[in-house]
2 protein chains.
Amino acid sequence: MTKPNSSPVPPAKGTRDLYPDQMLRQNYITKLWRDTAIRHGFEEINGPSFEMLELYTRKSGEGIVSELFRFRREGGDDDYALRPEFTPTLARMYAAKAASLPSPTKWFSIGPYFRAEKPQRGRLREFLQLNVDVLGGSDQASDDRDAICVVVDLYRSMGLGPSSLKVVLNDRRLVEKMATSRGLEPEHMQMFLWVMDNTGKKPVEELLKQARATGIGQSQVKIFAELLQDLKAAADHPDKGTFDRLFPDAADETYLFDQNRLFEELGIRDWIANSITIARGLAYYTGTVFEVIAEGERAIAGGGRYDNLIELFGGPPTPAVGFGMGDVVLGLLLDDKGLMPQGKELIDALSQPAASLRPEAFVVAGSEDEDALIEPLLANLRRGIETEGFDGKPWSTDRYTVRPMHARRTYKTTRNLKKLLADAEKQHARFAIVLHGPDKVQVKDLDTREELVHERGDFSVDPQIDAYVGTAIAQRLA
Amino acid sequence: MTKPNSSPVPPAKGTRDLYPDQMLRQNYITKLWRDTAIRHGFEEINGPSFEMLELYTRKSGEGIVSELFRFRREGGDDDYALRPEFTPTLARMYAAKAASLPSPTKWFSIGPYFRAEKPQRGRLREFLQLNVDVLGGSDQASDDRDAICVVVDLYRSMGLGPSSLKVVLNDRRLVEKMATSRGLEPEHMQMFLWVMDNTGKKPVEELLKQARATGIGQSQVKIFAELLQDLKAAADHPDKGTFDRLFPDAADETYLFDQNRLFEELGIRDWIANSITIARGLAYYTGTVFEVIAEGERAIAGGGRYDNLIELFGGPPTPAVGFGMGDVVLGLLLDDKGLMPQGKELIDALSQPAASLRPEAFVVAGSEDEDALIEPLLANLRRGIETEGFDGKPWSTDRYTVRPMHARRTYKTTRNLKKLLADAEKQHARFAIVLHGPDKVQVKDLDTREELVHERGDFSVDPQIDAYVGTAIAQRLA
């Protein structure tokens, strides 16, 4: 035994002691994370808090490797690291079971992460993070929208709105095409993306100097500089005209601009901004990338598509998209906005019923004509239909005409209704919703076998089919 | 960037990848942990996953220090360790705010812990642990019972019963008195307790050899051997007669035997066993110690009183009692007993409403004559009143006549009813329950100010006051 010594041992720098009041705040954040992810059809998983060091050195950018807490067991020779992010663990887990997992696999995870960086406001050495990922899907643009809808509903559930923050989108394929069209050599692409990602954090001159220091020639660095300038111009005028003028050779890659109509249908258009200057620091992103930017230009969440990563961890080629969101900056933002409930209100907010683990609605299309109706219906059911003019507490049930529900869709390609309903039952769904056109819907209670078919003329609640379906289910579940 | 390499990186030895099915199982365990602790009036806290190394070297037995994962930040000179247990963090947190905390302070915590020991069945290098502690109370024996009641209700909520496991109690003060009465020198007490704790894990001869190797003289080691023999004899015949005969000089220290009547009143007598051979390995225990022993002699939880520890971390002298329970052996035990729900049943179990964060019942005694009624009433309200002859699923709501509730008591010494009700309101309680003798109770709805006074003749449900109170509240909350 060491000799008694009663001077206090402080907590390690950058870590937190959570007393009951702070713990309730953290539980408020994790409750909204979990409830929202579940309603969007994601299943919870978790991995170890530490991993073999090699898991991180294999694929992350150098940025994250320098921030690792590394260690060994006394007398052991394995190198370990505390996890700085979830994606490598996720890739390992998916790769190990890829053959038996559904397409797509939708997973979320909540747990502690660790970075050996200098602690500052909004950045700690231990923090909580939510990770949400869609892996192995067959419709990548749809999976991207699925992930983005979760991001938006997370903030919406906390009472935040599009005037406080934006989900800023870009596509690395587009940036790469633009850069290539200007003569950037492929081997310098990663460095260019790193410079892009750090523009705004450090002076451009310093970033270019760092690029030169790695041995990149003067002519290539000149292309870096011109690209940064034109990208900024295109970002300042985010219309197709400006884009086509500045980057005529990349004009067919306008996937980003085409999404806006769909975002409108999903009710999230106001939350989205496009910016071709978003790159994301991590090396593994391949397509869509996004950051959530709150007032004051802070990035408070981020993610993107990483289609090559699962293969790198021994799995099959697998398209994938996901994002991470930390609890520290989020808590500060909610405090700033007066949206973090206190005292009795916090207890009331935490006492709201948890999201149903059973899917409450399971949506299938009666024919391919209705496929396009699925995403907007899911978006409405998962978000809940807000009561007109509500301006009370974000967590109050008074807020909703139809409360948010756990809603899923079939991803099967068959049109055989019997098989589709079997899929719904396998996932323990309560109600199957079969769309037969914009004016006709069939709602089937899978527990009681009761079945309702309604056509537009029958909709007493609202002419909108989503409100009808939501109300029909909500009444039966009440 | 490291060169691509697609061979899989395995998880670190002794860690777990939790896929959705395994995650639901873990969430089932943590839900029952959290719900039970909340209903018993404990508030959730958490600390960092890693601490300054000194926090552990200061007070733990050498046993735990050799199992630490230790590390530094690259370029830093602070020594850190992944937390192997919660108690040092708890002591630090309590010490830092002792002056402003209530008496007693009742805290629980759920999170990951780490031990660099050899992984085996039931022992991993990363695991979850529940910690439950009562700090700074003025009635130590009552606080001990409070902690023990939580232990029992945790297992009961999972469908386990006293035929599957026992809470085995001992008191270190008693063992120390017995050892001293035989001539054991105080400086060898810690080593003796360590030998005692390891009896059953290793051959006695080997343990005594290890004691000799530390320089303890032959005559003292002989006392070790005789003590172990007589302790075993007393443990095999756990009656006061045997005890008094073997240890006549410790005969006034029979606190353990006196508790049985109280355990009977709390409805947990069947779950309790006494054994003077339980010591607990950690050096900081000072009084009551206990282990939960399941069939097959596995210790699946343990704890005790640690009255000197808070002071060691810079706080005031503070009586304290608590316990820890890990998820790994618990999961194995539930599997063995067929008590871990599967598939749809697991989802149903997880869908049971969470324990109310608001205290539903807040109990005060009308006069000192009713003080002794408080603990049994709390025990019944927190446990729920089980329907006669129920033998269905442990998580089913059908199981209860009166469902388990979040119940608290006042710890204030005043008899001023107005002040006591103010205490109830400060804690956001819904109902105050004022006991006016075994046959008369006042139930006050603190939200609506509605008040009911019932006497024995009015009890239509059950002659037992606890059932009446529980039913009265449950009906109003429904």
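Do you know which of the residues in segment B:335-358 that are assigned to a loop (DSSP other than H, G, I, E, B) and more than 9 Å from chain A (Cβ to nearest Cβ) is farthest from the chain's Cα centre (by Cα)? Among them, the one singled out is B:342.
One residue stands out in segment B:112-126 among those that are assigned to a strand (DSSP E or B) and within 8 Å of chain A (Cβ to nearest Cβ): the one that is surrounded by the most Cβ atoms within 10 Å (Cβ to Cβ), namely B:114. Answer yes if at least one residue in segment B:225-245 is surrounded by 16 or more Cβ atoms within 10 Å (Cβ to Cβ) and polar (S, T, N, Q), and no otherwise. Checking segment B:225-245: not a single residue is surrounded by 16 or more Cβ atoms within 10 Å (Cβ to Cβ) and polar (S, T, N, Q). Residues in segment B:130-167 that are part of a loop (DSSP other than H, G, I, E, B) and polar (S, T, N, Q): 3 in all. Within segment B:255-301, being over 14 Å from residue B:197 (Cβ atoms), hydrophobic (A, V, I, L, M, F, W, C) and at pLDDT below 80 holds for B:256, B:257. Look at segment A:414-433: where a residue is without any contact (Cβ under 8 Å) to a residue 60 or more places away in the chain and closer than 19 Å to residue A:452 by Cα and a partner is of a type in the set (Lys, Arg) and surrounded by 12 or more Cβ atoms within 10 Å (Cβ to Cβ), sitting 6+ places away or on another chain with Cβ atoms under 9 Å, you get A:420/A:412; A:421/A:444.
The residues on offer are A:365, A:379, A:424, and the sole one that is at pLDDT below 95, surrounded by 14 or more Cβ atoms within 10 Å (Cβ to Cβ) and touching a strand residue (DSSP E or B) at 6+ places or on another chain (Cβ under 7 Å) is A:365. Residues that are of a type in the set (S, T, N, Q) and either at pLDDT 95 or above or surrounded by fewer than 16 Cβ atoms within 10 Å (Cβ to Cβ) (or both) within segment A:308-344 comprise A:318, A:342, listed in sequence order. Scanning segment B:165-204 for residues that are touching a strand residue (DSSP E or B) at 6+ places or on another chain (Cβ under 6 Å) and within 30 Å of residue B:335 (Cα to Cα) gives B:165, B:166, B:167, B:168, B:169, B:170.
Looking only at segment A:81-98, filter to residues that are more than 18 Å from residue B:78 (Cα to Cα) and without any contact (Cβ under 8 Å) to a residue 40 or more places away in the chain; which one of those is nearest to the other protein chains (Cβ to nearest Cβ)? So, considering only residues that are more than 18 Å from residue B:78 (Cα to Cα) and without any contact (Cβ under 8 Å) to a residue 40 or more places away in the chain, the one nearest to the other protein chains (Cβ to nearest Cβ) is A:97. Counting only helices (runs of 4 or more DSSP H) that sit wholly inside segment B:168-252, those with at least 1 residues that are under 29 Å from the mean Cα position of the chain (by Cα) and modelled with pLDDT under 80 are B:218-236, B:240-246.
Every residue, every condition in (1) more than 7 Å from chain B (Cβ to nearest Cβ); (2) buried (at least 19 other Cβ atoms within 10 Å of the Cβ); (3) at pLDDT below 95, yes or no:
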residue	(1), (2), (3)
A:32	yes, yes, no
A:50	no, yes, no
A:54	no, no, yes
A:58	no, yes, yes
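Are any of the residues in segment B:62-78 more than 9 Å from chain A (Cβ to nearest Cβ), in a helix (DSSP H, G or I) and surrounded by 19 or more Cβ atoms within 10 Å (Cβ to Cβ)? Yes; the residues of segment B:62-78 include at least one that is more than 9 Å from chain A (Cβ to nearest Cβ), in a helix (DSSP H, G or I) and surrounded by 19 or more Cβ atoms within 10 Å (Cβ to Cβ).
Six or more apart or on different chains, Cβ under 9 Å: which pairs go from a residue in segment B:359-373 that's assigned to a helix (DSSP H, G or I) to one that's among the basic types (Lys, Arg)? Could you list them? If the second residue must be among the basic types (Lys, Arg), the pairs left are B:368/B:415. Taken over segment B:99-135, the criterion of being under 16 Å from the mean Cα position of the chain (by Cα) and small (Gly, Ala, Ser) is satisfied by B:109, B:111. Filtering segment A:294-325 to residues that are among the small types (Gly, Ala, Ser), without any contact (Cβ under 8 Å) to a residue 60 or more places away in the chain and not in a strand (DSSP E or B) leaves only A:296. For beta carbons closer than 7 Å, sequence separation of 6+ or different chains, a first residue in segment B:207-231 that is free of Cβ contacts under 8 Å to residues at least 60 places away in the same chain and a second that is of a type in the set (Lys, Arg), the qualifying pairs are B:221/B:212; B:223/B:182; B:226/B:182; B:227/B:182. Suppose the filter is within 14 Å of chain B (Cβ to nearest Cβ) and in contact with a Pro (Cβ under 9 Å, 6 or more places away or on another chain); does residue A:137 pass it? When the stated conditions are applied, residue A:137 does not pass them.
The values are calculated or read from the model by the stated rules, or taken from the named source; none is laboratory data. None of the values given here were measured: they were computed from a predicted structure. In this analysis, Cβ positions are derived from the backbone assuming ideal geometry, glycine residues included, and neighbour counts consider all displayed protein chains.
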